[in-house]
1. Name the residues in the stretch 13-42 that are under 20 Å from A92 (Cα atoms), more than 7 Å from the ligand (Cβ to nearest atom) and either of a type in the set (S, T, N, Q) or part of a loop (DSSP other than H, G, I, E, B) (or both), would you?
2. Assuming E25 fulfils every condition listed in (1) open to solvent by less than 20 Å² (accessible area, probe 1.4 Å); (2) touching a helix residue (DSSP H, G or I) at 6+ places or on another chain (Cβ under 9 Å) apart from one, which condition is it?
3. Find all pairs meeting these conditions: Cβ atoms under 6 angstrom apart; at least six residues apart or on different chains; first residue within the stretch 109-128 and without any contact (Cβ under 8 Å) to a residue 60 or more places away in the chain; second residue more than 9 Å from the ligand (Cβ to nearest atom).
4. Quick check on this structure: which one of V51, V98, V60, V70 is assigned to a strand (DSSP E or B), of a type outside the set (S, T, Y) and more than 22 Å from L152 (Cβ to Cβ)?
5. Identify the single condition in (1) among the small types (G, A, S); (2) open to solvent by 30 Å² or more (accessible area, probe 1.4 Å); (3) closer than 20 Å to G111 by Cβ that A189 does not satisfy, given that it satisfies every other one.
6. Can we say E124 is open to solvent by 40 Å² or more (accessible area, probe 1.4 Å), of a type in the set (D, E, K, R) and within 12 Å of the ligand (Cβ to nearest atom)?
7. Kindly provide the set of residues from the stretch 71-118 that are small (G, A, S) and open to solvent by 70 Å² or more (accessible area, probe 1.4 Å), ordered by number.
Amino acid sequence: MSPNKALWEKGDFTEIAALMRQSGEALVGSLGIATPLRVLDLGCGDGTTAVPLARLGAEVVGIDIARNLVEAGNKRAAQAGLDRLTFQEGDACDLQGVDDHSFDLTLSVFGAMFAPKPFEVAKEMVRVTKPGGRIVMGNWIPNDPTSFVSQLLKISSSFMPPPPEGFVSPMTWGVEAHIIERFGQAGVARENISMVKDSFLFIAPDNSPAEVVESFRRFYGPTMNAFEAAQKVGKAEELHHRLLELANAQNQSADGSTSIPATFLRVTVRL
Ligand SMILES: C[S@@+](CC[C@H](N)C(=O)[O-])C[C@H]1O[C@@H](n2cnc3c(N)ncnc32)[C@H](O)[C@@H]1O
């Protein structure tokens, strides 16, 4: 199994996605969805954006590399009675079986950014989107102190051994020059790419920041791997302390619960 797939099948991302539902719905609401519309949600997880898209009447295909998340997504779709929403396994680097120009909108919220071959990903997103359609990505921003997940990943990776040679950091999807270069190689002109900072909220009304950090430790693949590596060198407590410090510093709730805003780069590509 590829390390990319293994990482996201590790743990249970649905536990983290539960903190993201409100912003997922708000983001979808801001897309100006007018049906009929065929949407690809790439790196969809268990449907944080795919479910609200389908509720608005779009026909939605969610593609994700993690089998457990595809299963969880299909379960949510069935429970919600959304028969125009399907989840399937696939790799954003190579969307086998997906026809050219088959979607009006390709959406990827903190999803495709984690695929290991960014130039292939840009090429595939352009290939499967109809001319006249659009691609919208949400990407965490490196070295932005207000981009909570990018900070969490930076701290986590500082406890990990160095990545293999040739590894491209997912965070490069939060850098304008890389985005322009990647879509440029896929044939998109600069003037058809727009980028704006936006914000996502991680909300846990019944949980403290310490409990949220515990969820990342138990369920979020990248943080789980960091704890495993830290444990081996006796640094698990230090990692825990650093993550707790981050979550407490960014939490905006004053009643003991958690509400952490996280800045991201919203990329819109018009084809
Ligand atoms: C941070 S989660 C975001 C999930 C979802 N978009 C959301 O907002 O809840 C990243 C997702 O990208 C998926 N992913 C990572 N690499 C992928 C790849 N190469 N192809 C497709 N999906 C991928 C993971 O399995 C995971 O579901």
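1. T14
2. Single failed check for E25: (1).
3. Listed pairs, sorted by first residue: R127/D100.
4. V60
5. Failing condition for A189: (3).
6. Spelling it out, it is not the case that E124 is open to solvent by 40 Å² or more (accessible area, probe 1.4 Å), of a type in the set (D, E, K, R) and within 12 Å of the ligand (Cβ to nearest atom).
7. A78, G97
Residues checked against (1) touching a Leu at 6+ places or on another chain (Cβ under 8 Å); (2) over 25 Å from R21 (Cβ atoms); (3) modelled with pLDDT of 95 or more:
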residue: V70; (1), (2), (3): no, no, yes
residue: G90; (1), (2), (3): no, no, yes
residue: G132; (1), (2), (3): yes, yes, yes
residue: S147; (1), (2), (3): no, no, no
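The values are calculated or read from the model by the stated rules, or taken from the named source; none is laboratory data. The shown structure was predicted, so the numbers you read here are calculated from the model rather than taken from an experiment. Note: ideal-geometry Cβ built from the backbone for every residue, glycine included; neighbour counts use all protein chains shown. Note: areas computed on protein heavy atoms with side chains; ligands, DNA, RNA excluded. Shrake-Rupley method; radii C 1.70, N 1.55, O 1.52, S 1.80 Å.
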